[in-house]
Every structure is written in structure tokens, then in C-alpha cells.
1. Please go through the range 246-281 and pick out each residue that is modelled with pLDDT under 75 and aliphatic (A, V, I, L, M).
2. Quick one: how many residues across the range 383-399 are free of Cβ contacts under 8 Å to residues at least 40 places away in the same chain and surrounded by fewer than 21 Cβ atoms within 10 Å (Cβ to Cβ)?
3. I'd like to check something: does the range 64-85 contain any residue that is small (Gly, Ala, Ser) and modelled with pLDDT of 90 or more?
4. Of everything in the range 170-190 that's closer than 12 Å to Val146 by Cα, out of contact with any Pro (no Cβ under 9 Å at 6 or more places or on another chain) and β-branched (Val, Ile, Thr), which residue is surrounded by the fewest Cβ atoms within 10 Å (Cβ to Cβ)?
5. Looking at (1) part of a helix (DSSP H, G or I); (2) in contact (Cβ under 8 Å) with a residue 12 or more places away in the chain; (3) over 13 Å from Ala86 (Cβ atoms), can you tell me which one Ser124 breaks?
6. Hey, Ile422 hits all of (1) surrounded by fewer than 22 Cβ atoms within 10 Å (Cβ to Cβ); (2) in a helix (DSSP H, G or I); (3) among the hydrophobic types (A, V, I, L, M, F, W, C) but one; which does it fall short on?
7. Name the residue that is surrounded by the most Cβ atoms within 10 Å (Cβ to Cβ), counting only residues in the range 102-136 that are among the small types (Gly, Ala, Ser) and in contact with an Asp or Glu (Cβ under 7 Å, 6 or more places away or on another chain).
8. With the range 305-405 as the region, which helices (runs of 4 or more DSSP H) entirely inside it contain at least 1 residues that are within 37 Å of the chain's Cα centre (by Cα) and over 21 Å from Phe445 (Cβ atoms)?
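The values are calculated or read from the model by the stated rules, or taken from the named source; none is laboratory data. Keep in mind that this is a model prediction, so the values were computed, not measured. We place every Cβ from the backbone using ideal geometry, glycine too, and count neighbours over all the protein chains shown.
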Amino acid sequence: MQFELTKEYLHDLSEAIAEGRDSFLKAELEELHPADIAEIFDQLKSSELSYLYKLIESEKAAEVMIELDEDDREKLLATLTSKEIAENVIDNIESDDAADVLAELPEEKQAEVIANIEDEEVRSDLSELLQYDEDSAGGIMATELVKVKKSWTIARGIREMRKQAEDIDQVYTIYVTDATDKLVGTLSLKNLLFSSSSIKTPISEIFQEQPLHYVFPDTSGEDCSSAMEKYDLVVLPVVDHDMTLLGRITIDDVVDLIKEEAERDYQLASGISEAVESDDTVWLLTRARLPWLLIGLLGGVLVAQVIGVFEQTLAEVTALMVFVPLIAAMGGNVGVQSSAIVVQGLANNSLGTSSIMQKLTKELMVSLVNGAICGLVVLAYSLLFMDSLALSYTVGISLFSVVIIAALFGTLVPLMLDKVSIDPALATGPFITTMNDIIGLTVYFVYAKFFFGI
């Protein structure tokens, strides 16, 4: 049954904390999944959060730590000593999660925690992981894995695997390396158990060399997720450029990364320039939203300037104002649709090998059909309900033109942003809408001057 957090439950917990009923609290926490505990912690005060955390047994507490959002984790880590973090958290989680926790600490405390880790190999691994960009393969990989050498017998391979698997929650794949620790293939449990009648058979006779999919430490997280999606992988090895096996990326890490990227793109498309949460401070929320609001404000001023340039045209044909919102809205909507499709294609690498010109040509064909239909609909409306034939032609042809221009603009902008390594998600938000407002109204008024002979 899925846990449901209620106000009554939070009230009972807060009362138990205030009264110091540790037995009750321990019993409650023992029954919950780490993710459910993290959900509870998100609703508690810092003092209550710290109190409850210290009642959880160490292994589960470490899992709760990595389930917390960054703000809660930062508050909680600030209440723990370097020794407590090293012994109760770092020692009980895999290296990729440990590196994420360490990365959130100030450099001085980070060094203290690493110094308190007793295992020299773990210290070395974590120090190396912290050197990688957090969104790269090196930044999300774990160094814990199961590997065997192809020269070993099956019997020795099983013995070594038992030792290695002690520190791993899930064994997805057994990696096969040569004498110099270079990755040469993988070994399935099925082959290990059933492919030979003798435990003295060398692993070199039963492992698989192909297909072998891998990434390098500097490979972007997006490329890692694309590779895992394309080849239906649940785990992906990370190697250096000499093919030395460094670590592995599991599907849960990639899912977290995809979720973060989707949230970031959605916020950018909505005109929010920083990663924020609904419970962040007023200042943080304002700082994230204000830049694009100011850009939208500037766009509005430019739209007003466009209307001002054609003030005489509007003065002579006031009926033109009736369709100004329609032209502006349609241009913005079409532009956002086109850019959203391109951004989605860029994100999942589904655009193929076609050139920018080919993509623009295809979008032109789509926009011609859409523009013709929309233009005819509004032309028919204006002919039925408006007395001016010139106004009907102006609105119909303007809308047809605006749909085409907005579609091409919405396609071109994200492609160009991607070429210069700027997140194309920016193109699906206020930028496209504002630019299409300006272009659409200019086209509308130019046609009006032509048809009315002003």
C-alpha cells in the first residue's frame, strides 16, 4: 500500500517529537520506506528533522539522506559532524550517491569527511569522482561493480564475485576484463551457470565480446540516457580512452537525470531561469522569474512601438484593432508549437541527419497547410460579419503569412541555439512568443496599408 502523508499524521509526529516519545517514533519510522521518510522530512522544521533523523538506524538513515531534496539535505548535513557523515552516511551508500552528498558540502568540510573515511580505496574513488562534472558520465557513475578476468576459471570467478557483491545492492551485469583491467566483454549469469559442465572452464570460453556498449567519463548525461534508451540497457559501463573499466551507470541514476533535465527544460520554456522549488524563498523565486519578465516587458514595449508606427493606419481604419489580439496570439501559438517539436527532437536525438534547410522545408509545407486552413476560416468569418472586403483580405492573408513566418522562426531559433551550445528550451518560452507578436503585427499592418491604400 502506498504511503499517504496527511496533516493529522504530521501533527501526531510533531507532538511525539515535542514529548520525546522516541519508542513511538522509532516504530513509525521503521515501517516506512526511505522515500516516504524523505517526504515527511520535507514538511518538518529543521530541528524536528534533525531529531527524527538520529532515531533511524544508520543504513536506512543513509538511504533517507539521498532521497531528500537538496535544501533538506543541506540543512541536515549542517547538523552532523564530519565523522558522523563519513561513518553513518558515506560508508552506507554507493559511491555515486556518496559523491553527490559530498559535492553539496563546503570544500573544507568535504575534505574533513574524506579524511574520516577509513577505507583508502573508497577515499581514492570519491576524490576522483568529485573531479567530474556532475552531469557527465563520470559524475553519475558508481565505482562498485562486479568484474572478473577472462583468464580466471569459473570457480575463481564465483569466489571473487561473492566478495565484490557484498557492497552492491543490485548486480545487473558481470564485466569481463583482461589482465590489465581493460573491458573486453560481459558475462551473463546464465552462461556462468549453464554454459559449462566444469567449474575449471576459463571464463574466456563463455563470455560475450559483442555487442559492447560503453561511455567515457566526459560523455554527457543526456548522451548516456540516449544510449541506454536506444539499446534497452539497465546498466552502462564507463571506461577511459584506453578501455580501462572505471565504473557503471545504472538505470535509476539515468531516470533521476532525465527527470532533472525535464524539469529544467520546462522551467526554461516557462521563462524561469534557475532551478527553483515552490517552497523556496521569495527572493529566489523572484530572481528566477524576473529576468524573463523584464524581457517580456521589453517585448511588450516594442509591440507598442510597432502599433505606434502604424497609428495613422489604425486611426483611419479602427476596425483593424478587432483582429490585433488574434494575429498576435496565432503567431505566438504556432511559434511555440514548432519550437517545442524541434526542442523535443533535439532532446531525444530523433531529428535524424537531415540538414537545417530540410527541416525548414518540411516545416514550411506543414505551415502552408495550417496557414491556408486558418486563413480561410478567418476570411470566411470576416466576410460574414464585417462590411469591409479590404479588411477581410487583410486579416485572411495576414494570418496565412503569420502562420508560415512563425512556424519557420520557431523551427530555426532552437536549431541555431543548439548550434552555439545554448539550451534550445529557451526558444519555447517568452522569447518566441514576444518575437512573433512583433513580426506578426508588423506583417498585419503592412498588408492593411496595401489593401486599404493608405
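1. Ala262, Leu268, Ala269, Ile272, Ala275, Val276
2. Residues that pass the stated criteria total 6.
3. yes
4. Restricting to residues being closer than 12 Å to Val146 by Cα, out of contact with any Pro (no Cβ under 9 Å at 6 or more places or on another chain) and β-branched (Val, Ile, Thr), the top hit is Val171.
5. (2)
6. (2)
7. Per the criteria, the residue is Ser136.
8. In the range 305-405, 324-347, 356-385 are the helices (runs of 4 or more DSSP H) which contain 1 or more residues that are within 37 Å of the chain's Cα centre (by Cα) and over 21 Å from Phe445 (Cβ atoms).
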